[in-house]
1. Looking at the structure I just gave you, is Leu235 crowded, with 20+ Cβ neighbours inside 10 Å and at pLDDT below 90?
2. Go over the candidates Asn271, Asn234 one by one and state the one that is of a type outside the set (Gly, Ala, Ser) and within 30 Å of Ile147 (Cα to Cα).
3. Only residues that are under 19 Å from Leu422 (Cβ atoms), open to solvent by 60 Å² or more (accessible area, probe 1.4 Å) and not in a loop (DSSP other than H, G, I, E, B): list them for segment 350-359, please.
4. Check whether at least one residue in segment 382-403 is touching an Asp or Glu at 6+ places or on another chain (Cβ under 9 Å), farther than 24 Å from Leu498 by Cα, open to solvent by less than 10 Å² (accessible area, probe 1.4 Å) and outside any loop (DSSP other than H, G, I, E, B), and report yes or no.
5. Only one of Pro140, Pro117 is under 20 Å from Lys89 (Cα atoms) and at pLDDT below 95. Can you tell me which?
6. Within segment 293-303, restricting attention to residues that are of a type outside the set (D, E, K, R) and touching a strand residue (DSSP E or B) at 6+ places or on another chain (Cβ under 9 Å), which residue is nearest to Leu269 (Cα to Cα)?
7. Pick from Leu175, Leu149: which is open to solvent by less than 10 Å² (accessible area, probe 1.4 Å) and in a strand (DSSP E or B)?
8. Anything in segment 512-525 that is buried (at least 18 other Cβ atoms within 10 Å of the Cβ) and either touching a Lys or Arg at 6+ places or on another chain (Cβ under 8 Å) or in a strand (DSSP E or B) (or both)? List them, or say none.
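The values are calculated or read from the model by the stated rules, or taken from the named source; none is laboratory data. A quick note: this is a predicted structure, and the numbers were derived from the prediction, not measured. Please note: Cβ atoms are built from the backbone with ideal geometry, for glycine as well, and neighbour counts cover all protein chains shown. For accessibility, only protein heavy atoms count, side chains too; no ligands or nucleic acids. Shrake-Rupley method; radii C 1.70, N 1.55, O 1.52, S 1.80 Å.
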Amino acid sequence: VPQHVWRINLDTPEEAHQNLSFGAADRWWEQTDLTKLIIASNKLQCLSEDVKLLPALTVLDVHDNQLTSLPSALGQLENLQKLDVSHNKLKSIPEELMQLSHLKSLLLHHNELSCLPDGFGQLVNLEELDLSNNHLADIPTSFALLINLVRLNLACNQLKNLPADISAMKSLRQLDCTKNYLETVPSKLATMASLEQLYLRKNKLRSLPEFPSCKLLKELHAGENQIEMLNAENLKHLNSLSVLELRDNKIKSVPDEIALLQKLERLDLANNDISRLPYTLGNLPQLKFLALEGNPLRTIRRDLLQKGTQELLKYLRSKIQDDVTNPNEEPPVTAMTLPSESRVNMHAITSLKLLEYSEKQAAVIPDEMFNAVGSNPVATVNFSKNQLNEVPPRIVELKDSLCDVNLGFNKISSISLELCVLHKLTHLDIRNNYLTSLPEEMEALTRLQVINLSFNRFKVFPSVLYRILTLETVLLSNNQVGSIDPLQLKKMDRLGTLDLQNNDLLQVPPELGNCETLRTLLLEGNPFRTPRAAVLAKGTAAVLEYLRSRIP
């Protein structure tokens, strides 16, 4: 920085020597001290201590330079309100900076900071603090004193936890913790009454915090975590919520209480493990955007998902009527609804077309279940979570109406031919069994769209699947599959989702890149060397493009 910039308040300006007429337009003797200095986007490697010669500065902007440190003299700029030192190479911040008691905005993002001075809490007038894209592993507890802070950005650091004291920031409206290593969020966060936007995307959260006091929370972003459960407690206090983003988690069911979020406008649940939805979702008055793709939904046809939010909500509303026919029964909202106390739920059979006998630890399905069906057309069978060793033989009696079969979480080691005659079958869930192969006769299931074979014992990709060309979703994660045939897969021209996570694939054939109908290809947790994790993280389109580039 040229020396005369630092001395601009002290030296007599040039024009004073040239123009001594008192009528001059530029009345240099009335000049006030410099209040704003912007030297951004240069190549500065250091700032002079002479910055102290500009004590009237309220704004100092040196972003996008090559600064590795800041002068301690900054601490003398007692009028400074905004300091932007983002996009530099700062490894630390001088303690003296903590004396800037009038500072309202401090931008430190995109530096190399690994720790912050303990005295941070002295910046009591701070309203905006951006520390994103640094190397911070923890946060000084004195942050709790920043009671005027409105926006705090901690995204893209290495935080494993947040101090509970952060909840004392009673003015905080926006908190961004995207892309850290958070496994939990302090429960005291729930007392932050002013919080409006909370970003927790791309962390390692297994559950959502509860928010009893966050009455003003409008946006909650928690996608790309490992959240498995969504509880009523997480939702019921969020009266103001308009955006709820939970995509790319492991959520299995959505509680009815989601219907309490009357102000919800955007709900993103894409790429989870949701098999059923509460129909009451259809009653949310403001909902404009609902994303559900990439879920093993069993009650909603895929073509309906592609028609957009309004059609989907209309469909869900139409289903509420079906549930109301007998209010004493629990509607089958989640995949694992407990059956009613009586052994045979006639209401479910007649009005929901559902035959359910799940979570009974039963080795066989009692005959009275099948006898009760009579001439009623049953569309859905749920025999999951029992001790079945085989597909119940009498299932064949339902072949003219049965579309959806759930035999998950049993001890079935082979698929009998009875299953292969269910010619209307569209959804088949046999996850968590002992299967090692599928019979060739399954080729007769010419309407099958979704098959879930996760957590079985397959060592090879079942060859019969290559010949069921109606398949849209094949879930084969957590098996021991060692290879796939990309040329056969390419013939499956409706296949949109293929999950092969946690198998034994030693290589991924480059020709797989030609399977252009794939929208979701999951390969994580296999022993192959390429594509590397960084490529996989970019998503399906990038992986397919990478594979195509490797075709010899």
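1. Numbers: crowded, with 20+ Cβ neighbours inside 10 Å: yes; at pLDDT below 90: yes.
Considered against the rule, which asks whether it is crowded, with 20+ Cβ neighbours inside 10 Å and at pLDDT below 90, Leu235 comes out as yes.
2. Numbers: Asn271 fails: within 30 Å of Ile147 (Cα to Cα).
So the residue among Asn271, Asn234 that is of a type outside the set (Gly, Ala, Ser) and within 30 Å of Ile147 (Cα to Cα) is Asn234.
3. Those that are under 19 Å from Leu422 (Cβ atoms), open to solvent by 60 Å² or more (accessible area, probe 1.4 Å) and not in a loop (DSSP other than H, G, I, E, B): none in segment 350-359.
4. The answer is yes, given that some residue of segment 382-403 is touching an Asp or Glu at 6+ places or on another chain (Cβ under 9 Å), farther than 24 Å from Leu498 by Cα, open to solvent by less than 10 Å² (accessible area, probe 1.4 Å) and outside any loop (DSSP other than H, G, I, E, B).
5. Working: Pro140 fails: under 20 Å from Lys89 (Cα atoms).
Pro117 is the lone residue from the list that is under 20 Å from Lys89 (Cα atoms) and at pLDDT below 95.
6. Kept after step one, since they are of a type outside the set (D, E, K, R), are these residues of segment 293-303: 294-297, 299-300.
Then keep just the ones that are touching a strand residue (DSSP E or B) at 6+ places or on another chain (Cβ under 9 Å); that gives 294, 296-297, 299.
Details: Gly294: 9, Pro296: 12, Leu297: 11, Thr299: 16 Å.
The residue in question is Gly294.
7. Working: Leu149 fails: in a strand (DSSP E or B).
Only one candidate qualifies: Leu175.
8. As a first pass, look at segment 512-525 and keep what is buried (at least 18 other Cβ atoms within 10 Å of the Cβ): 512-513, 515, 518, 521-523.
Of everything in segment 512-525, those that are buried (at least 18 other Cβ atoms within 10 Å of the Cβ) and either touching a Lys or Arg at 6+ places or on another chain (Cβ under 8 Å) or in a strand (DSSP E or B) (or both) turn out to be Gly513, Cys515, Leu521, Leu522.
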